[in-house]
Amino acid sequence: MDMNEIKEIFFQECEEQLAELESGLLRLNDGDRDPETVNAVFRAVHSIKGGAGAFGLDDLVSFAHVFETTLDCVRSNRLEPTQDVLKVMLKSADVLADLTNAARDGGGVDETRSRALIGELEALARGETPVASEAPATKPAAPAHQAAAPAPAVETPPVNDEGFQPIPFSFDDFGDEPPIEPYVPTCEIVFRPKKELYAKGNEATLLLRDLSRLGEMSIYCDMDRLPSLAEMNPEEAYFSWKISVTSDKGEDGVRSVFEFAEWDCELDIRTVEEETVGEAPAEDEELPMQPVPFDLSILDEEAPAAAEDEEPAVADGDAAAAVAAAETATRIAQAASNASRAAAETAKADRAAAAAANAAAANNQAAGQTIRVDLDRVDRLINLVGELVINQAMLSQSVVENDNNGTSSINMGLEELQQLTREIQDSVMAIRAQPVKPVFQRMSRIVREIADVTGKSVRLITEGENTEVDKTVIDKLAEPLTHMIRNAVDHGLESPEKREALGKNPEGTVRLTAKHRSGRIVIELADDGAGINREKVRQKAIDNDLIAADANLSDEEIDNLIFHAGFSTADKISDISGRGVGMDVVKRSIQALGGRISISSKPGQGSVFTMSLPLTLAVLDGMVVTVAGQTLVVPLTAIVETLQPEASAIHSFGASQRLISIRNSFCPLVDVGRILNFRAMQANPIEGVALLVESEGGGQRALMVDAIQGQRQVVIKSLEANYTHVPGIAAATILGDGRVALILDVDAVVAASRGQSLKPETSLAATG
């Protein structure tokens, strides 16, 4: 594996860490104060920083270091994660993502923004109010009632003939000042090991030895948690230390010592001023520390052995206290050794049980392990499975045509092949199924940016993030969702002042949800804003010659006008909206995915945009039907039931409409051949078959076809990529006999039956 492959793995891990970072910050923003959430956020930034340092990504390391320092203040309860603090951190997460993308793709980032955020993060770490941007300091104006003080007179030096003023200057002060000693910071560390630290092979004494190499060090040991001999557990950790280290390495050097042990101990590190360095804790402190002699050089292989007659070095305190503490420590060590031998049998049993538990945990972890696979390989596997489905259908068709009794061993083998093919197809599709969580998380940043630009307070709520869908669908969801989010925040939500005047919460809410329904994925985007101003939309459509001034449109038809290209209700063009290139892109993108979108809006209460998409763009289950000599495939997920109409169940309605009675209810009857211009006259429903279908927002309709050939699994082939977009047709497929069959767009046919007729030039009579 070369360096480029290792670097690519690092960036893939960065994507996961950035997702974990944003998810954790959003949970904190929602009021979650679980320490593990804070630790997860800290670990994400720490991991990115460590990997970036290995590849020499200095800009990423520098920003991550400042971000990590501020997060450590939150982790140590020195900084309260308020809404204002988390707002800065969420922006910092965005910049961290930009820096990561720039390091991977070679692009650039907004340095002004990153520097401003570094200043805000450093201010937060110091306990100060963050400054959004650097601005020249201006003296506040005096109150109106306060008279301005007269300016003091300034003596102006005389001006010579050339107009220059003499300035006093002397070289006498140069070289006389003593050299300035460099400032060496001192860190105070509180180190409390947990028993897990020793269980993992770490040793507190070795960590203290590494600290001593950084510079001058003093140690205080706390023994208050040490129990009596009868209550002592030899595998428990009872001692803790307070350490003072003066080193030019600073806090970063101290943290590097504990880098692999910080999760197995309680660690508090802070930099102190010079006048407070080395002060022993007062006797009345809550956690008194006793000076303990440590000769750490005996653990250093490079250091010479100490002479037997030399006394051990004592950090602070007098010699008598050090000797007493040393003797106490020796007696405690001997007692612990005796207790350890006495409890050997019990400890052995405990270790055996722990080993069994660890083995079980390892097995569970192994069962959940994942591997990274190039997406091109998965796509190739998907295509091969599609070809396998087609060839299996062709083979079955040939056997059926040449075997009249249908009882041969070949026929039985084909049935087994069909089952295996279906299982392979389901397994392969599950490989490419991914949760929509990454796309939803990206929308959080969009909401924050648009809210900052518009000056609105917005809260994004996501639900169903773990809903899985084909990755090809996920990759194409980002663009339409971005346009819809921008539209909801800019057009849908009112300003905080207006919302407050209406009795609403000044903070607007945008809710993004995903769920499975009838073999499809349904994504809803709802806001609690003002809703669609239908009068304004109607007037704008009239001004743009989209509709006639006397057109009689329903509320739903007026709402759908916003999907026209170039349509916008914005009063002026801004960086966010006004050019009318948003919602038409949404509709085209959803239709390209074989989906549909609908709107539901209530004035003063908000709007709901509902997108219904197929779970996969590769294979679907369909009903193969015949219409006017043409072979069509109707998606099985849209079919509720099939029935043979009777004459008594057919009723005329108006000049050309017909209804079918189904269980004491009436449903419109739609002639598919007439809608698609396969025939000029409506067919006799008594001679055909009715498919009761349900469309998104269109209710139930009975689609009339001539005959049903059977139910099959078909491979979806894009009609737009190979021919052109045809209204009423979603895609195409290849049947077992090699013929091309068109996959019906049920929603488009239903919409046409409601008065939105397909254009004559879209006739499919010649498509075969």
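Let me spell it out: the conditions are (1) crowded, with 17+ Cβ neighbours inside 10 Å; (2) under 30 Å from Asp621 (Cβ atoms); (3) within 15 Å of the chain's Cα centre (by Cα), and Asn466 meets all of them except one. Which number is the exception?
(1)
If you check every pair at least six apart or on different chains, which have Cβ atoms under 7 Å apart with a residue in segment 69-88 that is without any contact (Cβ under 8 Å) to a residue 60 or more places away in the chain and closer than 19 Å to Ser23 by Cβ first and a residue that is among the charged types (D, E, K, R) and crowded, with 16+ Cβ neighbours inside 10 Å second?
Val88/Glu120
Could you list, in sequence order, the residues of segment 405-451 that are among the β-branched types (Val, Ile, Thr) and either modelled with pLDDT under 75 or under 30 Å from Gln12 (Cα atoms) (or both)?
Within segment 405-451, Thr407, Ile424, Val428, Ile431, Val436, Val439, Ile446, Val447, Ile450 qualify.
Restricting to segment 730-747, name every residue that is outside any loop (DSSP other than H, G, I, E, B) and touching a helix residue (DSSP H, G or I) at 6+ places or on another chain (Cβ under 6 Å).
Correct list: Ala731, Ala732, Ile734, Val746.
Here are the criteria: (1) in the same structural domain as Gly503 (by TED's automatic domain parsing); (2) of a type outside the set (Gly, Ala, Ser); (3) within 19 Å of Asp470 (Cα to Cα); (4) touching a strand residue (DSSP E or B) at 6+ places or on another chain (Cβ under 6 Å). Tell me which single one Gln591 does not satisfy.
(4)
Those residues that are in a strand (DSSP E or B) and of a type in the set (D, E, K, R), I need them from segment 713-729; list them, please.
Lys717
Applying the selection to segment 1-29, what residues are of a type in the set (A, V, I, L, M) and in a helix (DSSP H, G or I)?
Met3, Ile6, Ile9, Leu18, Ala19, Leu21, Leu25, Leu26, Leu28
Report yes if Arg674 is without any contact (Cβ under 8 Å) to a residue 40 or more places away in the chain, crowded, with 16+ Cβ neighbours inside 10 Å, charged (D, E, K, R) and outside the structural domain of Glu524 (by TED's automatic domain parsing), otherwise no.
Spelling it out, Arg674 is indeed without any contact (Cβ under 8 Å) to a residue 40 or more places away in the chain, crowded, with 16+ Cβ neighbours inside 10 Å, charged (D, E, K, R) and outside the structural domain of Glu524 (by TED's automatic domain parsing).
Mind counting the residues in segment 436-486 that are under 20 Å from Asn505 (Cβ atoms) and among the acidic types (Asp, Glu)?
Adding up the residues that qualify gives 2.
Out of the residues in segment 516-545 that are surrounded by fewer than 16 Cβ atoms within 10 Å (Cβ to Cβ) and out of contact with any strand residue (DSSP E or B) (no Cβ under 9 Å at 6 or more places or on another chain), which is farthest from Gly606 (Cα to Cα)?
My answer is Asp545.
If you take just the strands (runs of 3 or more DSSP E) that sit entirely in segment 432-490, which of them hold at least 1 residues that are over 15 Å from Ile523 (Cβ atoms) and either small (Gly, Ala, Ser) or in the same structural domain as Ala592 (by TED's automatic domain parsing) (or both)?
Output list reads 433-435, 458-463.
Is it the case that Asp32 is over 20 Å from Phe260 (Cα atoms) and assigned to a helix (DSSP H, G or I)?
No: the conditions fail for Asp32.
What are the pairs with Cβ atoms under 6 angstrom where one residue, in segment 548-560, is in the same structural domain as Phe609 (by TED's automatic domain parsing) and the other, located anywhere, is part of a loop (DSSP other than H, G, I, E, B)? Sequence gap at least six, or different chains.
Once the first residue is in the same structural domain as Phe609 (by TED's automatic domain parsing) and sits in segment 548-560, its partners that are part of a loop (DSSP other than H, G, I, E, B) give Asp559/Ile532.
A quick yes/no check of all residues on (1) among the hydrophobic types (A, V, I, L, M, F, W, C); (2) on the phi > 0 side of the Ramachandran plot; (3) within 17 Å of the chain's Cα centre (by Cα):
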position: Glu8; (1), (2), (3): no, no, no
position: Glu15; (1), (2), (3): no, no, yes
position: Gly51; (1), (2), (3): no, no, no
position: Leu60; (1), (2), (3): yes, no, no
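Quick one: Arg225 ticks every box in (1) closer than 20 Å to Lys195 by Cβ; (2) basic (Lys, Arg); (3) crowded, with 17+ Cβ neighbours inside 10 Å except a single one, so which number is it?
(3)
I'm trying to understand the selection: among the residues of segment 628-669, which are assigned to a strand (DSSP E or B), of a type in the set (Val, Ile, Thr) and closer than 22 Å to Glu720 by Cβ?
Thr631, Val633, Val634
Out of the residues in segment 591-606 that are under 25 Å from Leu719 (Cβ atoms) and of a type outside the set (Gly, Ala, Ser), state the one that is modelled with the highest pLDDT.
Ile597
Kindly indicate whether Lys49 is among the basic types (Lys, Arg), under 20 Å from Glu111 (Cβ atoms) and either touching a Pro at 6+ places or on another chain (Cβ under 8 Å) or without any contact (Cβ under 8 Å) to a residue 60 or more places away in the chain (or both).
For Lys49, the condition - among the basic types (Lys, Arg), under 20 Å from Glu111 (Cβ atoms) and either touching a Pro at 6+ places or on another chain (Cβ under 8 Å) or without any contact (Cβ under 8 Å) to a residue 60 or more places away in the chain (or both) - is met.
Which condition number does Ala319 fail, the rest of (1) exposed (fewer than 13 other Cβ atoms within 10 Å of the Cβ); (2) at pLDDT below 50; (3) under 21 Å from Leu206 (Cβ atoms) being met?
(3)
Would you mind stating whether Arg679 is charged (D, E, K, R), on the phi < 0 side of the Ramachandran plot and touching a residue at least 40 places away in the same chain (Cβ under 8 Å)?
Considered against the rule, which asks whether it is charged (D, E, K, R), on the phi < 0 side of the Ramachandran plot and touching a residue at least 40 places away in the same chain (Cβ under 8 Å), Arg679 comes out as yes.
From the list Ile450, Ile474, Ile446, exactly one residue is surrounded by 14 or more Cβ atoms within 10 Å (Cβ to Cβ), under 30 Å from Arg380 (Cβ atoms) and in contact (Cβ under 8 Å) with a residue 12 or more places away in the chain. Which is it?
Ile474
Quick grid of which residues meet (1) of a type in the set (A, V, I, L, M); (2) at pLDDT 80 or above; (3) under 30 Å from Arg499 (Cβ atoms):
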position	(1), (2), (3)
Asp559	no, yes, yes
Ile562	yes, yes, yes
Ser574	no, no, yes
Met583	yes, no, yes
Val608	yes, yes, yes
Pro614	no, no, no
Thr626	no, yes, no
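The values are calculated or read from the model by the stated rules, or taken from the named source; none is laboratory data. Quick caveat: nothing in here was measured; it's all calculated off a predicted structure. Glycine also receives a Cβ, built like all others from the backbone with ideal geometry; neighbour counts cover every protein chain displayed.
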